[in-house]
Structures are given as structure tokens and as C-alpha cells.
């Protein structure tokens, strides 16, 4: 096996195995959330491009930093599935199908929904803070961004990609996604790019919290085994512990 193949297997092997096994065992039933999200996104795209549906979609799923906070929070969950009007809808559908699908198989539907929403909410809330900071701050935004319609799955997709890679120890890929988002902001300094970084920051906080909780749990179990005078054998050098859901 070549060096590149060994690296690819070490980086993506666990994710690939989890997705393959999930699809073989359950087929389309492994991704009900993903399929629902794809259908909902396509339906909202169809509606917002019709005279009778445009204002309706705006009212239920389009967020602007200029909106009252309570209204933005109310619309944020559905805004994840409203494709941006200035981008091709197939891009949003492909993002959801691939990234949500992998995440749903690897993490379960409720964790996928929770992390995707947390990433989207982080971007939505950042927009308000960034406008308050103003364009003079490196992390600030111009006042005109308060009127920009903030919709689409991209923040959730970026956040889920980073979380799944961290969970399955594909650290290089997680770092690569982060670097690409930084480059996006450098090349095109706009609201969407900075919201992606806010989404990554929120997910990294979730990763840190999970890591601390796992470490404490392992210490507690280790203390119980030592106090009981028995315990299981270690896994041996170089052997990774199994991924826990």
C-alpha cells in the first residue's frame, strides 16, 4: 500500500466505514433527516421563485441583522433550508445531501440537527455583533450588511464537516476546511464568509466541551476501577479507541 493510500485510510477510513455500513444496513432509511432537508429546500426554492410564494418564504425563513432579535431567532431554524436567491439551488442541495448525509449516519439525526442549528445560529448572532463592531474592527461588518438576507445551509454544512472530522479524527481535513474558510474571508470579505468562521468557532467550542466531558468520564471510570481492585486490559500501543456515538 502506498504512502498516500495509507494516509487516506488513516484520515478518512473510519468515516468511510461508518457511512458504508450505515447505507448497506439501512439504505435510504439511514438518512431520513437528510432526505427531508433536501425535499424541504427544493420546495422552498420553488416557492420563493413564484409570485405567490416569495413573500411567504421571506416571512417565515429569511433573516436579516436588521430584524428584531426575537423574529430572527424564530426564523433561523427554517432559514437553514431557504437557498440564497443569488446562488444555484443545486449547490445547496448537493451540500445538504453529502454533508448532512454523512453527518446523520455518523452522528445520528438529532446530533446532526443540533450541530447544524448551532452553527447557523452562531452565524446569525455574529452578524449582529459584527455590525455593532463596525468595519474598523477586523471582525466587524459594515452597517449595510444589516439589510443582507441571511439564508442557506452553508454555515451548517461547514460546522458539520468540521465536527464530523474532529469526531472521527480526520484532523487534517478539519484543519483544511477551516483554512479554506479563512482564505474565503481574505479573498472575499463579506458577511457569508465571516459567518462561516463564526460557525466553525461555535463547533470548536462544542468539540472542546465534549472532549472535557469525555476526559472527566474516563477519569471517573478509571478511579472506580482502581478503587474496586480490578479493571480491563488496555488497548495496547498504537490502537485507537472506538468511536463512541
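Determine which member of the set 101, 108 is at pLDDT below 95 and under 18 Å from the mean Cα position of the chain (by Cα).
Residue meeting the stated conditions: 108.
Please verify whether residue 91 is farther than 30 Å from residue 17 by Cα, at pLDDT below 95 and more than 15 Å from the chain's Cα centre (by Cα), treating the condition exactly as stated.
no
Can you tell me which residues in the stretch 155-177 are surrounded by fewer than 24 Cβ atoms within 10 Å (Cβ to Cβ) and more than 17 Å from residue 211 (Cβ to Cβ)?
Correct list: 172, 173, 176, 177.
If I ask for residues that are in a helix (DSSP H, G or I) and crowded, with 18+ Cβ neighbours inside 10 Å, which ones from the stretch 129-145 would you list? So that I can check it myself, show each step before the final result.
Within the stretch 129-145, the subset in a helix (DSSP H, G or I) is 129-133, 143-145.
Once the filter is applied, which keeps residues that are in a helix (DSSP H, G or I) and crowded, with 18+ Cβ neighbours inside 10 Å, the stretch 129-145 yields 130, 131, 145.
May I ask you to verify whether residue 135 is over 17 Å from the mean Cα position of the chain (by Cα), over 30 Å from residue 7 (Cβ atoms) and at pLDDT below 95?
yes
Just to be sure before I move on: is residue 162 assigned to a helix (DSSP H, G or I) and touching a helix residue (DSSP H, G or I) at 6+ places or on another chain (Cβ under 6 Å) in the structure I sent?
It is true that residue 162 is assigned to a helix (DSSP H, G or I) and touching a helix residue (DSSP H, G or I) at 6+ places or on another chain (Cβ under 6 Å).
A quick yes/no check of all residues on (1) under 19 Å from residue 157 (Cα atoms); (2) in contact (Cβ under 8 Å) with a residue 24 or more places away in the chain; (3) surrounded by fewer than 14 Cβ atoms within 10 Å (Cβ to Cβ); (4) in contact with a strand residue (DSSP E or B) (Cβ under 9 Å, 6 or more places away or on another chain):
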position	(1), (2), (3), (4)
26	no, no, yes, no
37	yes, yes, no, no
44	yes, yes, no, no
55	no, no, yes, no
62	yes, yes, no, yes
70	no, no, yes, no
77	yes, yes, no, no
83	yes, yes, no, no
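The values are calculated or read from the model by the stated rules, or taken from the named source; none is laboratory data. Here the structure is a predicted model, which means the values were calculated and not measured. Ideal geometry is used to build each Cβ from the backbone, glycine not excepted, and the neighbour counts take in all protein chains shown.
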